[in-house]
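The values are calculated or read from the model by the stated rules, or taken from the named source; none is laboratory data. Here the structure is a predicted model, which is why all the values come from computation and not from measurement. Glycine also receives a Cβ, built like all others from the backbone with ideal geometry; neighbour counts cover every protein chain displayed.
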Amino acid sequence: MSAALSAQHVVKRYGGVVALSDANLDIHSGEILALIGANGSGKSTISKVINGVVDLDGGQLLLDGKLVRITSPQVAKHLGISTVFQELSLIPQMSIADNIWLTREPLKSFKVINRKLLNQKTEELLSLFDGTLRTKFKPDLPVSALSPDEKQIIEILKAISIDPWLIILDEATASLDNRQVERLFELVRQWKAKGKAVIFISHRMEEIFRIADRFSVLRNGKTVGEGDIKDITEKELIQLMIERENVVQFTKVSAESESQSRTKSVYLEVENLQTETLHGVSFRVHEGELVGVGGLRGQGQRDLLLSIFGDIPFHGNIKIKGQSIHFHHPKDAIKHGIALVPGERAREGLLYIRTVLENLLLPSWNKYGFPLKIRKAKEDAARVGDRLNLVMASLMDPVSSLSGGNAQKVVIGKWLLRNPQCYLLDDPTKGVDVNTKAEFYALLTNLSKEGKTILFYSSDDDELVGLCDRVLVLHDGIIRAELKGRTLTKENLIAASLGVSNGGEA
């Protein structure tokens, strides 16, 4: 197997937004290329051009030196190109096997699906991630029963099921835990040894330097640097991405002493909270405090946030300003001034076919009366867009036209319009570039100064250590440690995440 793909001077426009203006990329069999850039730089767009999801407006694609036009994902697959996109493409109601082999099912006579062979082929793929999943999955299990990391793995298996020569991994590790990432990297190295090529897109620098052979940097739709990964430093890569240094600066939102913090009112109190994954969690959060929630993915962090937001059943007691509450639906939590900012924006945060304006005003339309005061609604939406530095052509463009980072800003912006007292954040910077992260950190700082209560789950340990007043580390559904002050270090956080006591209060 030997092939080479070259994208030369590629241009792509979405209305008035230029996603790619001069993108260049070369990838050869037997190598791993890290495609790097801030959100909005054009990484996902060039991936979609190569995979045939969108057609280029200028430039050309060459396969083994010959001009090629990839007009659809089917054409890409025929050419041996497969992509794992940042937003999942699985059908929840269908089984694992049917999702992986959709339109490519093995057939018996009279075009009847060969279920035995289908399940056998699916089990062979699932075995690639043995030991990293909650249980041994059966091929007929519906995708809706899977957790986000497990869905991501099925998405990966779906992509490699066609045995492609080129695999594009677009933020494929963002939802995976450490064991799953390690296994994926083992597979990537095996693919490389077999002569396959991999385009690896990630905002995690540590992963890029571990796995990549070469790098290519996009900025504002242009390729601004490329070369061997061994010949560049992390600092130099970041400079190429954003044109300035030290964009991401962590600022503790509260420099007050613990005694001063205790004089503030307790806004949120959780007592003996129990769900399928939580086994007696208790803590308090004061007004104006930013409390982090850490630990390995899947230890109950999501259940904690969804319980408070009234989205899943639970046992225990939750108090808001000293009053016991038990929300049975998110709308009840919203009425009480609580907002949930999810990390899975495509599934939980946005209506991708609707406009930016409609998405920003999703929880707030009723405040604009009937008949609708559309002028006032647009003014409020524009004001929030300005506050978030939202990069868009128009409020009336579909939110699908935005980059990942700007789409996540819309998820946050729709709550800013309601001015809630409490923010529940479910890994909101997952798959977001360093520049957007810096803006998000500044927003959290300002919200905390305004007296807002923030409960912040992040899969990024540096974020938790750098931003939070305290961090509650979950392990096996319990709080393994509460880290604060001098005990709030990355070493202690990782140790507690693994269930090891290494400082902090249990």
Exercise for the section: Quickly run through segment 164-191 and pick out the residues that are in contact (Cβ under 8 Å) with a residue 40 or more places away in the chain and touching an Asp or Glu at 6+ places or on another chain (Cβ under 7 Å). Expected result: Ser175, Leu176, Asp177, Gln180
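Go through segment 314-337 and report how many residues are outside any loop (DSSP other than H, G, I, E, B) and over 30 Å from Leu90 (Cβ atoms). Before you say what the answer is, go through the steps one by one.
Here is the first cut: in segment 314-337, the ones outside any loop (DSSP other than H, G, I, E, B) are 315-320, 323-325, 330-335.
Cutting the leftovers down to over 30 Å from Leu90 (Cβ atoms) gives us 315-320, 323-325, 332, 335.
Qualifying residue count for the region: 11.
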Problem - Leu273 being more than 14 Å from Ile454 (Cβ to Cβ) and outside any strand (DSSP E or B) - result: no
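Answer with yes or no whether Thr103 is more than 19 Å from the chain's Cα centre (by Cα), closer than 23 Å to Ser459 by Cβ, of a type in the set (Ser, Thr, Tyr) and in a loop (DSSP other than H, G, I, E, B). Step through it out loud before you land on a result.
Working: more than 19 Å from the chain's Cα centre (by Cα): yes; closer than 23 Å to Ser459 by Cβ: no; of a type in the set (Ser, Thr, Tyr): yes; in a loop (DSSP other than H, G, I, E, B): yes.
For Thr103, the condition - more than 19 Å from the chain's Cα centre (by Cα), closer than 23 Å to Ser459 by Cβ, of a type in the set (Ser, Thr, Tyr) and in a loop (DSSP other than H, G, I, E, B) - is not met.
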Practice task
Name, by its number, the condition in (1) under 21 Å from Glu344 (Cα atoms); (2) in contact with an Asp or Glu (Cβ under 6 Å, 6 or more places away or on another chain) that does not hold for Gly404.
Solution key: (2)
Exercise for the section: Look through segment 430-454, keep the residues that are in contact with a helix residue (DSSP H, G or I) (Cβ under 7 Å, 6 or more places away or on another chain) and within 24 Å of Gly300 (Cβ to Cβ), and return whichever of them is modelled with the highest pLDDT. Expected result: Ile454
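Looking at Val281, Val291, which one is over 12 Å from Gly477 (Cα atoms), assigned to a strand (DSSP E or B) and touching a residue at least 60 places away in the same chain (Cβ under 8 Å)? Before you say what the answer is, go through the steps one by one.
Working: Val281 fails: over 12 Å from Gly477 (Cα atoms).
Selected residue: Val291, the only one of Val281, Val291 that is over 12 Å from Gly477 (Cα atoms), assigned to a strand (DSSP E or B) and touching a residue at least 60 places away in the same chain (Cβ under 8 Å).
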Handout entry: Any chance Ser254 is in contact with a strand residue (DSSP E or B) (Cβ under 9 Å, 6 or more places away or on another chain) and modelled with pLDDT of 60 or more
Key = no
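When you scan segment 356-402, how many residues do you find that are hydroxyl-bearing (Ser, Thr, Tyr) and in contact with a strand residue (DSSP E or B) (Cβ under 6 Å, 6 or more places away or on another chain)?
Narrowing segment 356-402 to residues hydroxyl-bearing (Ser, Thr, Tyr): 364, 368, 394, 400-401.
Applying the additional criterion that residues be in contact with a strand residue (DSSP E or B) (Cβ under 6 Å, 6 or more places away or on another chain) yields 401.
The total comes to 1.
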Problem - Residue check for Ile91: β-branched (Val, Ile, Thr), out of contact with any strand residue (DSSP E or B) (no Cβ under 8 Å at 6 or more places or on another chain) and surrounded by 19 or more Cβ atoms within 10 Å (Cβ to Cβ) - result: no
Handout entry: Options Phe327, Phe309; residue that is assigned by TED's automatic domain parsing to the domain that holds Pro428 and under 30 Å from Thr489 (Cα atoms)
Key = Phe309
Practice task
Could you tell me whether segment 467-477 includes any residue that is modelled with pLDDT of 90 or more, in the same structural domain as Val266 (by TED's automatic domain parsing), under 20 Å from the mean Cα position of the chain (by Cα) and over 19 Å from Arg302 (Cβ atoms)?
Solution key: yes
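Condition (residue is small (Gly, Ala, Ser), in the same structural domain as Phe185 (by TED's automatic domain parsing) and in a strand (DSSP E or B)) applied to segment 22-38: is it met by at least one residue? Before the answer, list the steps.
Pass one, segment 22-38, residues small (Gly, Ala, Ser): 23, 29-30, 34, 37-38.
Right, trim to in the same structural domain as Phe185 (by TED's automatic domain parsing) and you get 23, 29-30, 34, 37-38.
Those still in the list that are in a strand (DSSP E or B) too: 23, 34.
Yes; the residues of segment 22-38 include at least one that is small (Gly, Ala, Ser), in the same structural domain as Phe185 (by TED's automatic domain parsing) and in a strand (DSSP E or B).
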Exercise for the section: Would you mind listing the helices (runs of 4 or more DSSP H) fully within segment 125-244 where at least 3 residues are closer than 26 Å to Thr45 by Cα and of a type in the set (Phe, Trp, Tyr)? Expected result: none
Completion exercise
The correct count of residues that are at pLDDT below 80, β-branched (Val, Ile, Thr) and not in a loop (DSSP other than H, G, I, E, B) in segment 352-368 is 0
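With segment 373-490 as the region, which helices (runs of 4 or more DSSP H) entirely inside it contain at least 1 residues that are among the basic types (Lys, Arg) and touching a residue at least 12 places away in the same chain (Cβ under 8 Å)? First the steps, then the outcome.
Values: elements: 374-387, 404-416, 434-449, 461-467.
Because the criterion is at least 1 residues that are among the basic types (Lys, Arg) and touching a residue at least 12 places away in the same chain (Cβ under 8 Å), the helices (runs of 4 or more DSSP H) in segment 373-490 that meet it are 374-387, 404-416, 434-449.
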Practice task
Keeping to segment 91-100, report how many residues are in a loop (DSSP other than H, G, I, E, B) and of a type in the set (A, V, I, L, M, F, W, C).
Solution key: 2
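Quick check on my filter: what residues within segment 291-307 are over 18 Å from the mean Cα position of the chain (by Cα) and buried (at least 23 other Cβ atoms within 10 Å of the Cβ)? Break it down stepwise before answering.
Residues of segment 291-307 that are over 18 Å from the mean Cα position of the chain (by Cα), as a first pass: 291, 304, 307.
Selection gives Leu304, Ser307.
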